[in-house]
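The values are calculated or read from the model by the stated rules, or taken from the named source; none is laboratory data. From a predicted model like this one, the values you see are computed outputs, not experimental measurements. Note that we place each Cβ from the backbone using ideal geometry, even for glycine, and neighbour counts take in every protein chain shown. The accessibility values were calculated without ligands, DNA or RNA, using every heavy atom of the protein model including side chains. Shrake-Rupley method; radii C 1.70, N 1.55, O 1.52, S 1.80 Å.
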Amino acid sequence: PGTYRVSAFHRDHAPISEDDVSSGTTDLRLRLGTGTSLVGHVTDGANGDPVPGFSIVVRRREGAMKLSPYRTETIFDSNGRYEVPGLDTGEYSVVATAHGFAPSKAQLVTVPDPLPEEPVVADFPLGRGGRLTGRVIDSETREPLENARVSVESAAGGSGDAVPLIATATTGPDGRFVLGGLTEG
């Protein structure tokens with residue numbers, strides 16, 4: 001018994017939700033919209049070369065302070081091109097991430113009403129970011145520790161867009177590690 005929010009999702013369509021649906025409802029019909037696509041390129045910011053493997057993280061803006069997960073797409077394309085279909089009218093915070101690069105700054109993407117006939121475009125040049133190097137040693141013997149896992153957790157796109165990103169490395173025989181692609185902070 002009670003009322004529920006019922007949602008329908010499909011990769012190629014804009015999602016739909018209906019609030020306050022009573023249990024026992026038998027005539028509920030949810031129609032997925034076509035939405036529009038977000039398209040663009042992810043490149044190495046230093047030389048403009050395409051980044052062939054990356055993820056696009058899309059979060060929907062709901063009010064001034066709230067971002068809700070919308071979709072994450074992992075793309076492998078030799079030209080660095082991506083397409084995220086099924087975006088509905090609204091505002092989105094979008095971040096690109098790739099191994100060996102710092103996450104992009106969040107871009108605010110607006111899908112207007114009525115939906116545009118052409119896709120919305122957002123390109124992402126990625127920087128290499130910072131590197132953190134160090135050595136892990138045993139606290140008592142001061143000997144290096146091999147195969148220790150070292151990780152840094154940060155937020156992609158800076159504060160306010162908390163997409164967790166974890167950079168990890170394993171120490172070598174001398175206890176040394178290198179973590180790359182770190183964001184400022």
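It is to be established whether one or more residues within region 43-55 are open to solvent by 50 Å² or more (accessible area, probe 1.4 Å), of a type in the set (Phe, Trp, Tyr) and closer than 28 Å to residue 169 by Cα.
Taking every residue of region 43-55 in turn, none turns out to be open to solvent by 50 Å² or more (accessible area, probe 1.4 Å), of a type in the set (Phe, Trp, Tyr) and closer than 28 Å to residue 169 by Cα.
Are any of the residues in region 60-75 open to solvent by 80 Å² or more (accessible area, probe 1.4 Å), under 16 Å from residue 99 (Cβ atoms) and under 14 Å from the mean Cα position of the chain (by Cα)?
Within region 60-75 (the criterion being open to solvent by 80 Å² or more (accessible area, probe 1.4 Å), under 16 Å from residue 99 (Cβ atoms) and under 14 Å from the mean Cα position of the chain (by Cα)), the answer is yes, since at least one residue qualifies.
From the list 11, 61, 31, exactly one residue is assigned to a strand (DSSP E or B) and among the charged types (D, E, K, R). Which is it? First the steps, then the outcome.
Values: 11 fails: assigned to a strand (DSSP E or B); 31 fails: assigned to a strand (DSSP E or B).
Exactly one of 11, 61, 31 is assigned to a strand (DSSP E or B) and among the charged types (D, E, K, R), namely 61.
Go through 62, 73, 83 for me and flag whichever is under 15 Å from residue 111 (Cα atoms), of a type in the set (Asp, Glu) and modelled with pLDDT of 90 or more.
Details: 62 fails: modelled with pLDDT of 90 or more; 73 fails: under 15 Å from residue 111 (Cα atoms).
Just a single option satisfies the conditions, and that option is 83.
Determine whether region 31-39 contains at least one residue that is under 17 Å from residue 15 (Cβ atoms), out of contact with any strand residue (DSSP E or B) (no Cβ under 6 Å at 6 or more places or on another chain) and of a type in the set (Lys, Arg). Walk me through how you get there before you give the answer.
Narrowing region 31-39 to residues under 17 Å from residue 15 (Cβ atoms): 31-38.
Those still in the list that are out of contact with any strand residue (DSSP E or B) (no Cβ under 6 Å at 6 or more places or on another chain) too: 31, 34.
Subset that is of a type in the set (Lys, Arg): 31.
Scanning region 31-39, I find at least one residue that is under 17 Å from residue 15 (Cβ atoms), out of contact with any strand residue (DSSP E or B) (no Cβ under 6 Å at 6 or more places or on another chain) and of a type in the set (Lys, Arg), so the answer is yes.
Are any of the residues in region 19-30 under 24 Å from residue 116 (Cβ atoms) and free of Cβ contacts under 8 Å to residues at least 40 places away in the same chain? Before you say what the answer is, go through the steps one by one.
Let us first name the residues in region 19-30 that are under 24 Å from residue 116 (Cβ atoms), namely 30.
Filter again for free of Cβ contacts under 8 Å to residues at least 40 places away in the same chain, leaving 30.
Looking through region 19-30, at least one residue is under 24 Å from residue 116 (Cβ atoms) and free of Cβ contacts under 8 Å to residues at least 40 places away in the same chain.
Do we find that residue 150 is open to solvent by less than 40 Å² (accessible area, probe 1.4 Å), of a type in the set (A, V, I, L, M), assigned to a strand (DSSP E or B) and at pLDDT 95 or above in this structure?
On the way: open to solvent by less than 40 Å² (accessible area, probe 1.4 Å): yes; of a type in the set (A, V, I, L, M): yes; assigned to a strand (DSSP E or B): yes; at pLDDT 95 or above: no.
So residue 150 fails the test.
Under the condition of being surrounded by 11 or more Cβ atoms within 10 Å (Cβ to Cβ) and among the polar types (S, T, N, Q), which residue from region 3-42 is nearest to residue 181 (Cα to Cα)?
37
Answer yes or no as to whether residue 121 is over 21 Å from residue 43 (Cα atoms), aliphatic (A, V, I, L, M) and modelled with pLDDT of 95 or more.
On the way: over 21 Å from residue 43 (Cα atoms): no; aliphatic (A, V, I, L, M): yes; modelled with pLDDT of 95 or more: yes.
It is false that residue 121 is over 21 Å from residue 43 (Cα atoms), aliphatic (A, V, I, L, M) and modelled with pLDDT of 95 or more.
Please enumerate the residues belonging to region 34-58 that are closer than 22 Å to residue 89 by Cβ and either at pLDDT 95 or above or not in a loop (DSSP other than H, G, I, E, B) (or both). Let's see the steps before the verdict.
Here is the first cut: in region 34-58, the ones closer than 22 Å to residue 89 by Cβ are 34-40, 56-58.
Those that are closer than 22 Å to residue 89 by Cβ and either at pLDDT 95 or above or not in a loop (DSSP other than H, G, I, E, B) (or both): 36, 37, 38, 39, 40, 56, 57, 58.
In the set 132, 87, which member is in contact (Cβ under 8 Å) with a residue 24 or more places away in the chain and either open to solvent by less than 20 Å² (accessible area, probe 1.4 Å) or of a type in the set (Val, Ile, Thr) (or both)?
Working: 132 fails: either open to solvent by less than 20 Å² (accessible area, probe 1.4 Å) or of a type in the set (Val, Ile, Thr) (or both).
Just a single option satisfies the conditions, and that option is 87.
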